[in-house]
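S.K.: I have a structure I would like to understand better, so I am pasting it below and will then ask my questions one at a time.
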Amino acid sequence: MRYDYKGWWINDASQYLSNYRMGSICVTYSKSDVEKMFKDLPKLITSSDIDQYAYGTFLYKNYRNNDDLKKALAIAKNLMNNGNVLGNYLYAHLIFDGVVLQKIESIAVQHLERVLRDIPDFAPALYNLGYCYYYGNGVSKNTTLAMQYINKAKDLGLNSAINYVGLCYYNGKDGYPQDYQKALECFKESSFRGDEKGYFYLATLYALGKGCPRDYQRAVECYSLAGTKGHIDSAYNAGRMYFFGTQVSKNIGAAAYSLEIAAKGDKVEAMYLLSLLYLKESEYYYKKDEGIEWLKKACKLGYEDAIKLANKMNIRY
């Protein structure tokens with residue numbers, strides 16, 4: 001199977017499996033869709049190795065308890081018994097996680113190396129192995145070798161690796177000169193390939209004017225796109241910019257949309273701004289009950305501005 005590392009946004013279990021079956025294994029989905037996917041995936045998966053790997057990966061990334069991890073472990077072992085090294089890749093991550101397997105990183109590295117013997121161009125394993133060499137996890141630290149692995153993953157189109165190299169250019173580290181324009185090019189590439197972090201980094205460069213003229217409008221557009229893909233900090237940044245209207249035109253509807261994404265993602269600052277929007281901003285968006293609920297949640301998380309407002313409004317939390 002040929003693997004495609006472009007980032008794909010999916011909404012349900014059927015789309016998730018369809019992507020994996022086509023080799024498109026880099027998928028993202030909303031936190032709000034996870035519980036339904038937990039219910040639907042067992043009904044849809046077949047006994048094929050790729051379906052089993054897709055399900056095991058979902059369990060590992062979204063586990064609710066140890067039972068989910070034990071199911072993922074059983075899937076990894078079955079795949080390895082079938083001679084499918086995707087099982088080794090999943091097994092390595094379960095070792096790194098250290099919950100249902102002892103965290104012996106050198107063994108995890110051996111499993112990553114086993115993957116690459118069968119699939120030399122499996123970009124996620126290349127990137128993970130590069131990460132291990134960079135930080136000395138399970139191997140002797142070797143920054144030069146680490147960057148060779150990461151660069152190979154980048155050249156194969158893995159968004160995580162593209163972003164990593166972009167950050168190297170941004171910070172001027174690991175043998176890369178500080179070059180904001182090249183960093184910008186990396187983040188443009190990963191965002192074009194559907195990566196929410198790429199959009200976040202790209203937006204930040206536009207906002208700071210690094211590698212390009214400062215452009216708040218492009219920044220808020222990129223933050224908004226990343227936010228719709230579930231990147232919480234991006235959603236908050238877009239909502240804040242639209243709410244205050246000092247850097248871009250004020251847009252209360254867009255602010256409410258983005259702030260709600262961020263608030264539901266447990267961003268306390270977004271909870272507070274959303275409460276202000278619903279309680280004070282305009283008649284059209286006046287939602288007293290929702291505003292009070294978000295204010296209470298921010299108070300319970302200890303956000304001082306929310307506590308001051310709640311006390312002023314005599315709202316008990």
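Please treat every number below as a calculation from the coordinates, not as lab data. Just so we're clear, the structure is a prediction, and the values are computed from it rather than from any experiment. All Cβ positions, even for glycine, are placed from backbone atoms using ideal geometry, and neighbour counts span all protein chains on display.
S.K.: Using the reciprocal of the averaged 1/r over all distinct C-alpha pairs, how large is the Kirkwood radius of the stretch 273-317 in Å?
M.R.: Its Kirkwood hydrodynamic radius stands at 10.2 Å.
S.K.: List, in order, the whole-Hz ³J(HN,Hα) value for each residue of the stretch 312-317 obtained from phi through the Karplus relation with A = 6.51, B = -1.76, C = 1.60 and θ = phi - 60°; use x for Gly and Pro.
M.R.: Per residue, the Karplus-derived 3J(HN,Hα) values read 5, 8, 6, 9, 8, 10 Hz.
S.K.: Which Cα, out of Asn82, Asn19, Leu208, lies furthest along the positive dipole direction of the chain (beta carbon charges, K/R +1, D/E -1)?
M.R.: Result: Leu208, furthest along the dipole toward the positive end.
S.K.: OK, next. Based on the alpha carbons, how large is the Rg to Rh ratio for the stretch 143-291 when Rh follows Kirkwood?
M.R.: 1.08
S.K.: Treating only the Cα positions of the chain as identical point scatterers, give the base-10 log of I(q)/I(0) from the Debye formula at each q in 0.06, 0.11, 0.12, 0.14 Å⁻¹.
M.R.: The Cα Debye sum returns log10 ratios of -0.25, -0.82, -0.95, -1.16.
S.K.: Moving on to the next point. Collect residues whose amide H, placed 1.01 Å from N in the peptide plane, falls under 5 Å from the amide H of Ser24; neighbours closer than 5 in sequence don't count.
M.R.: The list, which skips near neighbours in sequence, is Asp4.
S.K.: Go through the stretch 224-229 residue by residue and turn each phi into a ³J(HN,Hα) via Karplus (6.51, -1.76, 1.60, θ = phi - 60°); whole Hz please, and just put x for glycine and proline.
M.R.: Each residue of the stretch 224-229 in turn: 4, 4, 5, x, 5, 8 Hz.
S.K.: Hey, if you put +1 on the Cβ of every Lys and Arg and -1 on every Asp and Glu Cβ in the chain, which of Tyr223, Ala270, Tyr55 ends up farthest toward the positive end of that dipole?
M.R.: My answer, from the dipole projection, is Ala270.
S.K.: Does the stretch 180-265 come out rounded, prolate or oblate by the C-alpha gyration tensor, with a ≥ b ≥ c the root eigenvalues, rounded set by a/c under 1.5 and, if not, prolate when a/b is larger than b/c and oblate if not?
M.R.: Since a/c reaches 1.5 but b/c is at least a/b, the shape of the stretch 180-265 is classed as oblate.
S.K.: Let me ask something additional. Over 19 Å between Cα atoms: which of Lys39/Lys77; Lys210/Lys250; Lys154/Lys182; Lys36/Lys264; Lys36/Lys61; Lys188/Lys229 fall into that group?
M.R.: Pairs exceeding 19 Å: Lys39/Lys77; Lys210/Lys250.
S.K.: Moving to a separate point now. Based on DSSP H runs of at least 4 residues, each adding -39500 (n - 2.57), what is the mean residue ellipticity at 222 nm of the chain after dividing by all its residues, to the nearest 500 deg cm²/dmol?
M.R.: -21000 deg cm²/dmol
S.K.: What is the angle, in °, between the Cα long axis of helix 49-62 and the longest principal axis of the Cα atoms in the chain? Nearest 10 is fine, range 0 to 90.
M.R.: 40
S.K.: Taking θ = phi - 60°, what integer Hz values does the Karplus form 6.51 cos²θ - 1.76 cosθ + 1.60 yield along the stretch 13-29, in sequence order, with x for Gly and Pro?
M.R.: 5, 4, 5, 4, 5, 4, 5, 4, 5, 8, x, 8, 9, 9, 10, 10, 7
S.K.: Further question on the same structure: With an 8 Å cut-off on Cα pairs and a minimum separation of 6 or more residues, tell me the relative contact order of the stretch 180-265 in percent.
M.R.: 21
S.K.: Assign one of three labels to the stretch 158-218, namely rounded, prolate or oblate, based on the Cα gyration tensor with a ≥ b ≥ c the square roots of its eigenvalues; rounded applies when a/c is under 1.5, prolate when it is not and a/b is larger than b/c, and oblate otherwise.
M.R.: The shape class here is oblate.
S.K.: Right, something else. What's the FRET efficiency of Ser106 with Lys210 using the Cβ-Cβ distance as r and R₀ = 51 Å, to the nearest 0.05?
M.R.: Efficiency for this residue pair is about 0.85.
S.K.: Picking from Ile104, Ile25, Ile261, which is most flexible by a Gaussian network model of the chain using Cα springs under 10 Å?
M.R.: Sorting by GNM fluctuation, first place goes to Ile104.
S.K.: Let me ask something additional. Suppose every K and R has +1 on its Cβ and every D and E has -1 on its Cβ; what is the size of the dipole of the chain about the Cα centre, in Debye to the nearest 20?
M.R.: The calculated dipole for the chain is roughly 420 debye.
S.K.: Expressed in nm², what is the orientationally averaged projection area of the convex hull enclosing the Cα positions of the stretch 1-131?
M.R.: Reported value for the Cα convex hull: 7.5 nm².
S.K.: Still on this structure, please answer the following. Between the stretch 145-190 and the stretch 64-127, how far is it from one alpha carbon centroid to the other, in angstrom?
M.R.: Centre-to-centre (Cα) distance: 26 Å.
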